[in-house]
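Quick note: the coordinates plus some simple rules give every number you see, no bench work behind them. Owing to the predicted nature of the structure, the values given are computational and were not obtained by experimental measurement. Neighbour counts run over all protein chains shown; Cβ positions are idealised from the backbone, glycine included.
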Amino acid sequence: MRFGDLLRFAWQVLGGYRARTALILLAMGIGVAAVVAVSSIGEGARLYVVNQFGSLGTNLIIVLPGRSETAGAMPGVLIGKTPRDLSIDDALALKRSPAILRFAPLIVGAGDVNAGGRVRETPVLGTTAEFIQVRQMDMGQGVFLPPGDPRHSQPVCVIGSKVARELFGTRPALGEWLRIGDRRFRIVGVLARQGQSLGFNTDEIVVVPLAAAQALFNTEALFRILVEAKSREQIPHAKADIEEILRLRHEGERDITAITQDAVLATFDRILRALTLAVGGIAAISLAVAGILIMNVMLIAVTQRRREIGLLKALGATGAQIRAAFFTEAVMLALGGAACGLAVGKLGQLAIGQFFPDIPFTAPWWAVLAAPLTAIVTSVLFTVAPARRAAMLDPVMALSKR
Amino acid sequence: MIRLAGIERIFRVGDEAVHALRGVSLDIAQGEYLSIMGPSGSGKSTLLNILGLLDRPNAGRYELNGRDVTGLTDDELARVRRETIGFVFQFFHLVPRLTAEQNIELPMVLAGIDPAERRRRLDKLLADYGLEDRAGHRPDQLSGGQCQRVAIARAMSMGPTLILADEPTGNLDRHTGQDVMAVLERVHHEGGTVAVVTHDPEIGARAHRRIRLVDGAIAEDFREKE
Ligand SMILES: Nc1ncnc2c1ncn2[C@@H]1O[C@H](COP(=O)(O)OP(=O)(O)OP(=O)(O)O)[C@@H](O)[C@H]1O
Ligand SMILES: [Mg+2]
């Protein structure tokens, strides 16, 4: 029997039993669509997190006070007593490492910002001129904080675009003065719009020189030091240098944590990948259900089409040909169902994308490949028994009028 | 062409054994036109099924075209069937979702004949059996006589040397039945061997050799003089 004839024959059978065909296509389609949609949600979440981390900067190492046992895991999960603070001198000492390109110490607080009679509470960031390069942010207008000794500060500040709009409306903010607590700052720059980044909206912040922030919040302690390594390859060296320099400065105690962006990313990546795989696997169970449905339908078909099978055998069909006919039918159903499912899954993915435009929903390649493959494999597996039964049918019995 | 020797066929139904054929020996020459008659349950269909390699005897020897076929596997039997034997059934056994043409084409499709050759043979068969204007009709759009002609055309599509018909007129009125027999006899005139099982003495009498089965054994083997 020619392959083309086999396809045509199966096609005629599928066309001859439309309701049955539609039912199986539906079951297969739902299974495949579920796998694609669910895994694309998981993949979307993963890409979202990866992008968010990527937007922090490149070759970034975050230094925070306190020892976190599992470096690379979530920061802030600290054990032990209140750690020793990080100081400006700690930060400046990092200059010694040849693997470090630049760094920016960071103090974070909140303050009431006054300008032209309007008051607004915003996060206030104290840092140095290098911050904008480390975090790879862009200026909308003006300049960032001036370079210089971080221990001394000028009364200048940089504000986020939303803060500028809320305090000054359409009036130019550049050159204006604003007051935080009892200190006055002249606005030298407005940050370009960037939006949300890891729960921190840079459009809503005010950036002041480090020393000014220390005075404002009455603290010497740094919240973080952001360090940029010279290159990707230098990251491990930079991390080792940071740990060594600060250990020496802290009387030999390892009481800081240096997190590389890659390590955090890798952790998130692993978790979310596993999650995606798991939910995709659960969705794949519906494919197995579709497979059982196919087996059921095929077994019924063997009984229903007894005569036809008997006739084909009387006309000289071999057992292999009968089996091939059944398998072709099953594979065609699986392929059709998979095609419908992929299309519906894609539509579903686009629909979810409408509601969450920030999240890049994309079906991962393995899901797009595995879903139809699972559909085909299950339907072929579940056709083995019915096809065998059909091939072994006794033509005389099958053709008898009884 | 056919040599049956001591063919036994026993069906087991629970504890009981039904002896459908008891020591049937029969020689059929190429080109013979043979009718098999006998009371109901005498083993006519069983004999025909064994002749057509659809069933296997429990004992005895069957030589087809000089080759012992009793030891062949199911698939080998299927191939022999495909190449040399054409079946015609009382209930036509056409595939309802396929057109007349597609039904006739089935054995050629199973044999893997290429589409161009199939088309050529198909056109000839449709013309030979007067089915040109019914080629695209489904069985439920055809009369009983037309259905049986489609079935005969199908049986003839691989150019078999042996045509076996089990009560081919059993479901047709007298007139249509004789029509169908005339079509079957054309095969005989072209040199094919034809064996027809029938209950109708008038149909049976058309054959040149008439076999009568009683209780699974040949009770009478009548041959017309030329
Ligand atoms: N598959 C079977 N299982 C059990 N017994 C069977 C089977 N097939 C046929 N028989 C028995 O074998 C005997 C011969 O049956 P067969 O069908 O050959 O008769 P027949 O001459 O064709 O009868 P009819 O004229 O009614 O068609 C009968 O007694 C029948 O009951
Ligand atoms: Mg019978």
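Observations
- Reduced Cα scattering model of segment A:279-378, Debye log10 I(q)/I(0), q = 0.21 Å⁻¹: -1.08
- Count, lysine Cα pairs under 25 Å in the protein assembly as shown, 8 or more residues apart or across chains: 9
- Shape analysis of segment A:132-197 based on the Cα gyration tensor places the equivalent ellipsoid semi-axes at 19, 17, 10 Å, largest first.
- Positive contributions from Lys and Arg (+1) and negative ones from Asp and Glu (-1), summed over other residues with Cβ under 15 Å from the Cβ of residue B:100, come out at +2.
- Net +/- balance of residues flanking residue B:192 in space, Cβ distance below 14 Å, scoring K and R +1, D and E -1: -4
- Only alpha carbons enter this Debye calculation for segment B:1-102, each as an equal point scatterer, and the log10 of I(q)/I(0) it gives at q = 0.15, 0.17, 0.22, 0.25 Å⁻¹ is -0.72, -0.90, -1.30, -1.49.
- Reduced Cα scattering model of segment B:2-223, Debye log10 I(q)/I(0), q = 0.10, 0.11, 0.13, 0.18 Å⁻¹: -0.45, -0.54, -0.75, -1.35
- Karplus (6.51, -1.76, 1.60) ³J(HN,Hα), θ = phi - 60°, over segment A:211-228, in Hz, Gly and Pro reported as x: 4, 5, 5, 4, 5, 4, 9, 6, 8, 8, 6, 8, 7, 8, 10, 8, 10, 10
- Rg/Rh for segment B:74-179, where both radii come from Cα atoms and Rh is the Kirkwood radius: 0.95
- For segment A:152-243, the Kirkwood estimate of hydrodynamic radius, built from reciprocal distances between every pair of different alpha carbons, is 15.4 Å.
- Alpha-carbon spread of segment A:84-254, three principal axes, descending order, Å: 51, 32, 28
- Under Karplus coefficients 6.51, -1.76 and 1.60, residue-wise ³J(HN,Hα) of segment B:112-119 in Hz, glycine/proline x: x, 6, 6, x, 5, 5, 4, 4
- For segment A:324-402, the C-alpha radius of gyration sits at 1.69 times the compact-globule guess of 2.2 N^0.38 Å, with N the residue count.
- Working from the Cα coordinates of the protein assembly as shown, the gyration tensor eigenvalues give, after taking √(5λ), semi-axes of 93, 25, 17 Å in decreasing order.
- Computed 3J(HN,Hα) for segment A:233-242, one whole-Hz value per residue from the Karplus formula 6.51 cos²θ - 1.76 cosθ + 1.60 where θ = phi - 60°, is 5, 7, 4, x, 5, 4, 5, 5, 4, 4, glycine and proline marked x.
- Ratio of Rg to Rh over segment A:1-61 (Cα coordinates, Kirkwood Rh, two decimals): 1.44
- Average beta carbon contacts from partner chains per residue of B:105-113, 10 Å cutoff: 6
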